[in-house]
Structures are given as C-alpha cells and as structure tokens.
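The values are calculated or read from the model by the stated rules, or taken from the named source; none is laboratory data. Predicted model only: the values in this text are computed from it and were never measured. Here the Cβ is made from the backbone with ideal geometry for all residues, glycine too, and neighbour counts use every protein chain on show.
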Amino acid sequence: MPRTADHEARRRQVLEAVCRITIRGGLEAATFRQIAGEAGVSVRLVQYYFGTKERLLDAAHDHVLSRSTERLLRSIRDLPAESPPAEVVGTAMRSFLPTDAAGREATVLFYAFFVAQLTDDRAAGAEVDRGNGLIRLFAHHIARGQRAELVAADVDPDSEATILYLMLPSLASAVIAGGLGLDAGQALIDYAVDRVFTKAMATSTDA
C-alpha cells in the first residue's frame, strides 16, 4: 500500500509540474527536461511513469479535468439539500468563473489543452466527456424545474443545457483577458439561468 501511495504522489507531483509550466508558457514549454526540473525529479523518472510525451499530456489533461470537476462538485455540495434547480445550475456555472487564483489557472489550462485539441482529434475525448457530463447535470435540473412548473413546458432541457455549458469558456476567458468584469460575468450567468427558469423569475418578481 505505501508503495502504491508513493507512486501516486510522484505521478501527481509530475502532473502538477506540467500544470505550472503550462500556465507560465503554454503546453509547448512543457518538455520532459523542463517538467523534470520543475518537479524536482529526473527525466528518467518522468519517462518511467508516463513513457511518451503524448501519454504524459493525456494524463495531465485528465488531471486538469479532475481538478475542475472537484471544484464544481464542491460548490454544489455546499448548497443546502433540495436547493431549487435554478440555484444548483447557477452555482455550478459560477464555479467556472475565475474568482480566485485556482479559477484563473483552471481557465488558462482549459484553453491550453483546447488549442491542442483543435489539431488532435484524439486529445478531444476527455473534454467532450466532461462537457457531456455537465450538459446532463444542467438538463437534469432543468427537467426537474419543468416537473415543478418552474420551467416552461416547451423548453428543451438538452438544448438549453448545451447553450448554458457553451457559455462558460467564453465568459471565463473574457474575465481573465479583462474584457468583462467578474461581476458582469456573474450577472450574465444569472440572466441566462433566469431566462430558462422563466416561471421562477416571474414568481420572484411578483413576490
């Protein structure tokens, strides 16, 4: 057991080094030599654990996705039980905004791997899986809102969920680039969620 734990810790140490180098200089800066130096290990050890650069970057991408997913799940776990569906969707979406250093790093890493995916179909699979998972989460709560008569009956949960998901990378990158303030990004998310949960918005306005 201790040996397995040591191996996992070493792998994580290398993957975190890949993330730090990528944040500073992009994926092209993440050479075996640079990664080994950043992690404080030998090049041979990096090759032992990951073999090829392709396998290393695949593992780093999975690591980045796991960190983002944990951030999302943590934001939802902090909500009270049986929170309204609009609140769950809005909270999940806001977790992707760069509200702190970790959020900014997550956005930079997302785009670094996204650019790589544009020229490598094989690398796109993990991101597609995560996207589909988020879309299913949003669609579930939109459908939940329909059953509670908080969402119009003619709304297509899958389509609306896809639109909400596709907003996230653009909003996060606009905030980091300075073209959109954080408060404005949060307001746009609130607007988009309220647009789906039309009856919930009308009820709160009447109240």
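Of the residues making up segment 73-114, those that are farther than 24 Å from H141 by Cβ and in contact (Cβ under 8 Å) with a residue 24 or more places away in the chain are A102, R104, E105, V108, L109, Y111, A112, F113, F114.
Being of a type outside the set (D, E, K, R) and assigned to a loop (DSSP other than H, G, I, E, B) is the filter; apply it to segment 67-85 and report the residue that is modelled with the lowest pLDDT. By that ranking, first place goes to A81.
Highlighted here are the helices (runs of 4 or more DSSP H) found entirely within segment 1-57 that include at least 3 residues which are under 15 Å from A112 (Cβ atoms): 2-25. Being at pLDDT below 90 and within 30 Å of G26 (Cβ to Cβ) holds for only one residue in R130, R94, and it is R130. Evaluation of A17 against the conditions (1) within 21 Å of the chain's Cα centre (by Cα); (2) modelled with pLDDT under 90 shows that the sole unmet condition is (2). Within segment 136-161, residues that are farther than 16 Å from A92 by Cα and in the same structural domain as E87 (by TED's automatic domain parsing) reach partners that are in a helix (DSSP H, G or I) and basic (K, R) with beta carbons closer than 6 Å, at six or more positions or on different chains, in the pairs L150/K199.
Checking V64, V88 one by one, the residue that is under 21 Å from I21 (Cα atoms) and in a helix (DSSP H, G or I) is V64 and no other.
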